[in-house]
Every structure is written in structure tokens, then in C-alpha cells.
Amino acid sequence: MVGKIMRLALLALAISACGAASPDIPMTRDRCEAQAGFVFVPAGEFIAGSDRTERDYGYAISAQAIAATPDTIAQAEQRLRERRWFEFEGDRRREFSEAFCLQANLVTQQDYAEFVAATGHRLPGITAVEYQEQGFLVHPYEEVVPYLWRDDSFPSGQAHHPVVLVSYDDALAYAEWRGEQDAVSYRLPTAAEWEKAARSDDGRYFPWGSDWQDEATHWAESDPYGTSEIAQYPLSQSPYGAEDMAGNVFEYTSTLRSRQGDQATVMKGCSWDDLPGFCRAAYEHTRPVDSRHILFGFRLVIAATSP
């Protein structure tokens, strides 16, 4: 009997050592701030989604950005409404999130280059044929070419721009590698975490408040045409200190949904070619997990199971 008990005890220890029963470790401010480049988002309720008033505002400011006279603004707004861009955000509601630790900046081309050099992972990029097969072209392939890596290096002058032309799985591979370097477990934020980090707990539409400001972020009327360096728009810093929480690039989240029978990731934020209504924290859309585009980037969260 003693021998059997001893064997069971040793088995339990072995299982524990392998991490099979390791509980989540609550995130604390001290634990988060010990990791350079991350910001702490406390536990608590926040307002997610949007109501009719907010969606109408999104259509209105978007139309005003692309038209000049009352008649053309009205026509532009009608076209946007017909496309129902903002009708899939979920009703305005209160949600609760546990505390989490979010990367302050988007992963940059330089960050990703270190990963590629260390692992031999595929370079960011996409062929013309693959790009056509994706179906959501938005930009002709000629506009993709300047973002293609050459000689194992990112485009000149883009070291501090967000990395683009990477897939959801590429982002996960980067997270795993960086976790090994930092002795921390990383993951992508959930859509709810991203939204809370962008708009805080008071229901504001944008990181800076609920009134659109042309100069607040990198959007369709900004210079340069294309991605910009990270952290160049102070008003796009969220109340918790995360940069570029509107504009520059859309961001992959870990929230997955079915999209036309395929697995898709929920994208949050807006990109450098978007209209103002898309830059609200409530806005979201989905893209297949194997997507690669010049509008898509990502940032990380420290996983709750990290030591």
C-alpha cells in the first residue's frame, strides 16, 4: 500500500512539473510593469459595442471626410449606410475583463526581422497570385510591392513601422519565439481586451474621446500614404498608455469566428487608408486566419499563465 501511495504521489508531481495543472496567475500592475514595453489594464467593467447614436455618428463623420457639399455628403452617407459597415459591432453593453498586460506598441518590422533571423521563419510577403486569391483586394498589388522584403530585410526606412503582410499564424509564431527570449508566455489580445484597452471604461468612441479629430491618428487623409512609424500620434495613445489604438494598421486578435465556412480572426482598430467611422474602438470585422495584407499588423499580451 505504501508503495502504491508513493507511486501515485510521484505521478502527481510529474504531472504538475509538466504544467498540466498549472493555474492562471493573476496579472498585477507590478508584474506587468516589470516587463519593458507593456502597459497594465486593470480588471473591471467597461462599455463595449455601439448604439444607434454612435453608429450614426460613424456614418456621418465618414461621409463628411469624402464629400464637400451638403448634397454630396448626404449621398456619401447613404452609400455607406447601404453597405452596413457599422451594423455588426454588437449592441452597446457592459462587459467585465480580468486585468491584463498589453504591449504598448505594435510589433515593428525591426522586431520581426530579429525573429526571422533567429528562426528562418518565412518573410512577410505575398505573391500577386495569392493576393488575388484572397479576394479582398482594396489596393492593387502594385501598392503591395513596396512592402515586400528583399534580401531577407524589410523595406528601407521602415524599421519602426508596424510589420505587415503577416498572417495570424505568423503572429502566433512570433509570440512563441519572443516568449522564449523573454521567459514569458505571450498571446494575441482578445477582441474584448483590445476594445477595453482602446476606449477605457467610460464608453468613449476613440482613444482620445468621442469627437473625431483629423490630426489625432494616421488615417486616409494623413501623410504619408501607407504605414507610419509607431507612436507618432499622441492622441491615439489609449488612457492606459497603449500607442496607435486607432489608425496605422488593423490588428489581429485571438477571437475567432466562422466566416463563410472558414476560420476567421476578429480585426480591431483601423488602418492608414480608413475613414473616421472605422477608427472607433467598437468597430470590428473578420478576415481569414491565413490573410496577409498591407493593412494588417499585431501586438501581444502577456498570458495569464506566465511565471
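Coordinate-derived values only; no laboratory data. All values reported here derive from a predicted model rather than from experimental measurement. Ideal geometry is used to build each Cβ from the backbone, glycine not excepted, and the neighbour counts take in all protein chains shown.
Is there a quick way to get the dipole size of segment 104-302? I mean about its Cα centre, with the Cβ of Lys and Arg at +1 and of Asp and Glu at -1; what is the value in debye to the nearest 20? Mind showing how you got there, number by number?
Details: 14 positive and 31 negative charges, 103 e Å.
I would put it at about 500 debye.
Taking N as the number of residues in segment 186-241, what is its Cα Rg relative to 2.2 N^0.38 Å? Spell out each step's value before the answer.
Details: Rg = 12.4 Å, N = 56, 2.2 N^0.38 = 10.2 Å.
Working it through for segment 186-241, the quotient is 1.22.
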Fill in the blank from the handout: Within the set 288, 70, 146, GNM on the chain using Cα springs under 10 Å gives the largest fluctuation to 70
Problem - Intensity falloff of the chain expressed as log10 I(q)/I(0), Debye formula with alpha-carbon point scatterers, at q = 0.07, 0.09, 0.12 Å⁻¹ - result: -0.30, -0.48, -0.81
Handout entry: Note, ³J(HN,Hα) from phi for segment 275-282, Karplus 6.51, -1.76, 1.60, rounded to Hz, x at Gly and Pro
Key = 8, x, x, 6, 8, 5, 5, 6
Practice task
Report, in deg cm²/dmol and to the nearest 500, the calculated mean residue ellipticity at 222 nm for the chain, where each DSSP H run with n ≥ 4 adds -39500 (n - 2.57) and the sum is divided by the residue count.
Solution key: -9500 deg cm²/dmol
Practice task
May I ask for the longest run of the chain untouched by chymotrypsin sites (Phe, Trp or Tyr not before Pro) that are loop-located per DSSP and have at most 12 neighbouring C-beta atoms (other than their own) within 10 Å?
Solution key: 137-224
Fill in the blank from the handout: Ordered by number, the GluC sites (Glu not before Pro) in segment 38-106 that occupy a DSSP loop and have at most 16 other Cβ atoms within 10 Å are 87, 98
